[in-house]
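The values are calculated or read from the model by the stated rules, or taken from the named source; none is laboratory data. None of these values were measured; they are calculated from a predicted model. No Cβ is skipped: glycine too gets one built from the backbone with ideal geometry, and neighbour counts run over all protein chains shown.
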Amino acid sequence: MSKVKGSILKLNRLILFTALTATVITFINSLASNYQVQKEQLVSQAIDVNRAYAKKLSDTTEIFLQSSLQQLNYTSKVAANKIDNLAFLQEQTAQLRYQTKSFNSTLLGNKDGIILAGSKEVDALIGRLGLISPRAIEEKAVFITEPFPSSVSGILIILMTVPMFDADNQYAGFVGGSIYLERDNILGNILGEHHYKDGSTIYVIDKSKKILYHNDLSKVGTFADVDLDTVESNEGEGGLIHMESGEDVLIGYSKVPSTDWVIIAQTPVASSLLPLTGIMEEVVLHTTPITFAVFIFVWFFARSISSPLQQLAEKAKLLESPSTIQDIEKINSWYVESHGLKKSILSSMKLIHKQIGQLQRDVTTDPLTGANNRRALKFRLEQYELLETPFSVLALDIDYFKHINDSYGHKVGDDVLKRLVELMVSFSRDSDMVARVGGEEFIFILENCSQEEAYTCAERLRIKISEEEFNVVGHLTVSIGVSSWQKDSISIDHSLNLADEALYEAKGRGRNRSVIIE
């Protein structure tokens, strides 16, 4: 009999062991699930950020290239009928070179490709057959060359040329401007001023994978360690890429429309996942005390549960007694105790899930301003598309926000963003959404709102912001692009693109205005 007793677990220990095992497994599973969710979200967020940044750089680069060609085109029209006036041509090429930092050198040649005038960087080429491509002379059209080493300096350059036509519409020559890929110029400034501090890289390649721009100038002219076919195979112009060097990176890219260049924003996977350690430490820090409290609670309840059951076992020995049935009925409170134990375990699980739910909400919220982030915006738009709910979009950007950061510091800039979100929220209804999609860029979704109503709201919001007195900064302005979406019309992505285009249009018209692109 004693041997049997020794091989059987006591009920309170069995309950305690079972309950604690279930709690630990649930805790570990919750941590593992949360780790995987956070990892996927960090990777997705890094790809989205790189994709958006590469797109923004490609748009800016395209604007720069078109602006540069316009400068060349203007000079070509002025100089076309004075091709024999070398002093005038020299003056025009010098002005073209030094009025902006668009070009590192400028030149002007006749229809045979002989250089007639140029900035001082190309003095050695005056009177000689210059850098102009035979194809540019043959086609008599605007031409942007592939990168090639300069015969004067030996550095890698790109030459942009525009043909000249005289009053009789006869080809008279060309005007050219060169960009030194390894020297200071506006293109380098556009591509070089980015906010990454986590090992990310911005670089530009042509169709042969030759690097035209890189943070590390020593890599300009070399070939990129990236498989373009692999990049092309990823949906949405970005994804996880296995580099030829063996490193895994998260890439976002965008093509420059007027050239075969590809701008790539690249972040190592390891760098993108660095915040994951801190996130999981916070999860453990918040859930461990609760879990420990649950352990103590379960131990107390195990003792409570065993007591009535022991009474039941003792009463079972007295089956011959007429009072035994009544005594057992009195022990029916056992079921209440067991229900309490189940309730406590469920309560502990709810607490753990509450922590996980809070972390999931944090993932959809911008930590600085409290506005929704891109993930929350994407989810809302998917709902609208599924339910065919019409809405309007306000794409809002703070004018000259970089000047605020540079002049007053990022702390003041952060305070401006927080106050701006408060103003936007004050204009919103419960069904509307304010989302931060970039540094100083916001999307305002107006549910069941026509484009005309949205424009009116945009103007009211713009005026309200311009009248607001921001701490330290004082007054500031915003530019707003407006578009709308309804079922059976344009796609939601196109509607967002129209809002972006309208925003760029507002910027181009001088800022501090709202614009609709029909």
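Observations, loosely collected:
- Selection within segment 466-503 - of a type outside the set (Gly, Ala, Ser) and over 23 Å from GLU447 (Cα atoms): GLU467, GLU468, GLU469, PHE470, ASN471, VAL472, VAL473, HIS475, LEU476, THR477
- Test: residue in segment 250-259 that is touching a Leu at 6+ places or on another chain (Cβ under 8 Å), aromatic (Phe, Trp, Tyr), modelled with pLDDT of 80 or more and surrounded by 15 or more Cβ atoms within 10 Å (Cβ to Cβ): no
- Flag for PHE174 being of a type outside the set (Lys, Arg) and surrounded by 18 or more Cβ atoms within 10 Å (Cβ to Cβ): yes
- Count of segment 452-469 residues, restricted to those that are surrounded by 17 or more Cβ atoms within 10 Å (Cβ to Cβ) and either without any contact (Cβ under 8 Å) to a residue 60 or more places away in the chain or over 17 Å from ASP397 (Cβ atoms) (or both), is 2.
- Taken together, the residues in segment 421-451 that are surrounded by 15 or more Cβ atoms within 10 Å (Cβ to Cβ) and in contact with a Ser or Thr (Cβ under 8 Å, 6 or more places away or on another chain) amount to 9.
- Candidate set: segment 474-515, residues that are free of Cβ contacts under 8 Å to residues at least 40 places away in the same chain and β-branched (Val, Ile, Thr); chosen: the one farthest from THR60 (Cα to Cα): ILE490
- Any hit, segment 159-166, residues being at pLDDT 75 or above, closer than 16 Å to TRP261 by Cα and crowded, with 17+ Cβ neighbours inside 10 Å: yes
- Number of positions in segment 470-489 that are among the β-branched types (Val, Ile, Thr) and loosely packed, with under 14 Cβ neighbours inside 10 Å: 1
- Subset of segment 333-392 [polar (S, T, N, Q), in a helix (DSSP H, G or I) and either at pLDDT 80 or above or in contact with a Lys or Arg (Cβ under 7 Å, 6 or more places away or on another chain) (or both)]: GLN383
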